[in-house]
Amino acid sequence: MDTDDVEEEFQKRLDDIAINRCCCLVYTSGTVGNPKGVMMSHDSLTWDSYTIGKRLDQIQYGKEVLVSFLPLSHIAAQMVDIFLSLQFACTVYFADKDAMKGTLVNTLQEARPTRMLAVPRVYEKIQEKMMSVGAQSGTARKMIAGWAKSVTLQHHLNAMEGKPTNSLQYRFVRNFLLSKVKDALGLSRCMTLATAAAPMDPETKKYFMSLDLPIMEAFGMSETCGAHSLTTADNYNFATIGKSLGGVETKIDKPDERGHGEICMRGRHILMGYAGEETKTREALDDEGWLHSGDVGYIDDQGFIYITGRIKELIITAGGENIPPVHVENLVKNELMQVSNAFLVGDKRKFLTMLITLKTVMNLDTGEPKDELSPDTITWMKGLGLDHTKMSQIMAAGPCPKVLKAIQEGIDRANAKAISNAQKIQKFALLPLDFSIPGGELGPTLKVKRNIVNQKYKDIIEKFYE
């Protein structure tokens with residue numbers, strides 16, 4: 001093809017572009033069904049990226065630095081790494097292929113990003129690593145670290161309540177202690193830490209807040225071409241997904257007596273439809289242009305949006321109790337820090353049960369879980385009077401009774417905090433391997449594929465109810 005032909009083809013493609021035409025396809029994760037191709041228009045993507053940027057604190061054109069490490073097949077990476085970067089002329093560092101396996105911190109130290117978006121599991125892994133290192137510190141260092149985090153968390157809690165803050169203690173901790181922690185993480189100039197794609201445990205948010213690194217919550221779907229709502233430093237709440245972005249609408253469809261119902265969204269950021277899926281498009285978009293998210297929640301009198309469950313993921317017991325699995329799973333993980341995944345089971349069943357995996361070392365080449373236990377799990381083993389260093393040792397000749405007893409005690413503590421008897425876990429099983437992307441249990445953003453887990457471990461699940 002000669003130069004004239006190239007120019008002609010280029011001009012033809014430019015002429016074909018229109019704001020209401022499809023710019024790209026992003027396929028849904030398929031965590032509860034088959035993936036669908038979401039058609040996004042040029043207008044939706046450019047408008048949403050501009051609107052997100054304007055919600056961020058003091059975003060500066062041409063001066064922002066980002067790190068790209070989430071899969072670009074996901075809408076979060078598409079929006080931030082491509083469209084937000086184009087909109088505000090950001091510098092983008094591309095992390096290496098092992099970023100999600102533990103090497104991300106190397107890129108962060110080099111790039112020193114001004115904004116960062118990550119899925120909850122990434123933050124959890126950073127937290128686990130820091131807590132593991134902290135556990136090996138001397139008594140004096142532990143006391144100083146504990147005091148510093150307490151002062152910083154209280155500073156932010158006061159700010160959330162509108163109380164006077166910025167005490168002398170906080171300024172000392174921020175400038176002389178936590179600044180070193182931020183430098184070590186590569187986050188010394190990061191003005192916005194955000195999470196998206198899956199629910200984040202409030203305890204993880206509090207941990208990072210105690211390091212003077214508050215994590216903002218962003219909510220959106222592939223179908224909203226990116227974010228629909230966002231928390232900000234001056235509008236923060238641990239349990240919310242934030243307030244709607246400017247220019248979009250949110251409503252609760254068919255609310256119950258408490259005001260809880262399906263979250264619906266409308267605006268310029270809504271998808272054109274699903275490619276080749278007219279029936280699915282009509283199911284998602286009603287005649288008035290409202291996108292039905294499938295998430296159940298409510299909006300408070302300040303405009304904060306809360307998600308309490310997902311219609312397709314809600315566990316409805318045989319007794320008719322609606323149970324959001326993530327809430328119950330987080331109760332268990334908060335009591336048992338050595339648990340990597342707690343997977344709740346009980347849809348159409350008489351009682352709840354759970355699949356448990358322990359934290360192990362990951363194979364950085366394949367992303368598969370190794371047999372070797374993580375350092376904090378080994379420390380836990382020692383506290384139980386065991387010298388196990390491998391998962392196979394725990395599972396040999398049936399799971400180790402002492403380990404099972406310790407897990408049961410943690411579940412009992414979680415059950416004591418349950419909202420109702422129907423939300424208490426009656427039985428559990430310890431799995432020999434952690435969930436992973438190669439194993440099929442996790443998607444590319446480390447979100448659990450519930451339908452896959454239920455199918456893969458159906459034999460174990462059925463034994464619960466024999």
Protection proxy ranking of 321-332, 361-372 - average other beta-carbon atoms within 10 Å, highest first: 321-332, 361-372
D286 paired with H327, simple spin-label distance in nm, labels 7 Å along Cα-to-beta-carbon: 2.4 nm
Nitroxide proxy distance, nm - points 7 Å out along Cα→Cβ at V6 and K142: 6.5 nm
Check: C-alpha center region 295-344 vs C-alpha center region 371-387, spacing in Å is 29 Å
Pull out the extension gain between R258 and T232, defined as 0.36 nm times the separation in residues minus the alpha carbon to alpha carbon distance; nm, one decimal. 6.7 nm
Which of [x] 341; [y] 181; [z] 193 is the computed volume of the Cα convex hull per residue in Å³ for the structure on display? [y]
With a 1.4 Å probe and every protein chain kept in, tell me what percent of the accessible surface of region 239-313 is carbon plus sulfur. 45 percent
Work out the length of the dipole vector of region 195-286 about its Cα centre, built from +1 on the beta-carbon of each Lys and Arg and -1 on the beta-carbon of each Asp and Glu, and round it to the nearest 20 debye. 180 debye
Gained length - D96 relative to C24, 0.36 nm times residue gap less alpha-carbon distance: 23.4 nm
Specify the inter-centroid distance of region 90-104 and region 138-168, based on alpha-carbon positions, in whole Å. 31 Å
Which stretch or stretches of region 232-264 have amide N atoms under 18 Å from the point lying 7 Å from L314's Cα along the Cα→Cβ direction? 251-264
Karplus (6.51, -1.76, 1.60) ³J(HN,Hα), θ = phi - 60°, over region 271-288, in Hz, Gly and Pro reported as x: 4, 6, x, 9, 4, x, 10, 5, 5, 5, 5, 5, 5, 8, 10, 8, 5, 9
Averaged per residue, what accessible surface does the chain expose to a 1.4 Å probe, in Å²? 50 Å²
Need the C-alpha centroid separation for region 31-85 versus region 440-466, integer Å. 30 Å
Determine the shape class of region 145-209: with a ≥ b ≥ c the square roots of the Cα gyration tensor eigenvalues, call it rounded for a/c under 1.5, and otherwise prolate if a/b is greater than b/c, oblate otherwise. oblate
Counting only protein heavy atoms and a 1.4 Å probe, tell me what percentage of region 354-466's accessible area is made up of carbon and sulfur. 55 percent
Considering only protein heavy atoms and a 1.4 Å probe, what is the carbon-and-sulfur percentage of the accessible area of region 1-146? 54 percent
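Do any of K333/K405; K63/K182; K333/K402; K402/K424; K125/K458 go past 24 Å between their Cα atoms, and which?
K125/K458
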How much net charge surrounds T231 when only other residues with a Cβ under 11 Å from its Cβ are counted (Lys, Arg +1; Asp, Glu -1)? +1
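The values are calculated or read from the model by the stated rules, or taken from the named source; none is laboratory data. As the structure is a prediction and not an experimental result, all values here were calculated from the model. Neighbour counts run over all protein chains shown; Cβ positions are idealised from the backbone, glycine included. Surface accessibility is based on the protein's heavy atoms, side chains included, excluding ligands, DNA and RNA. Shrake-Rupley method; radii C 1.70, N 1.55, O 1.52, S 1.80 Å.
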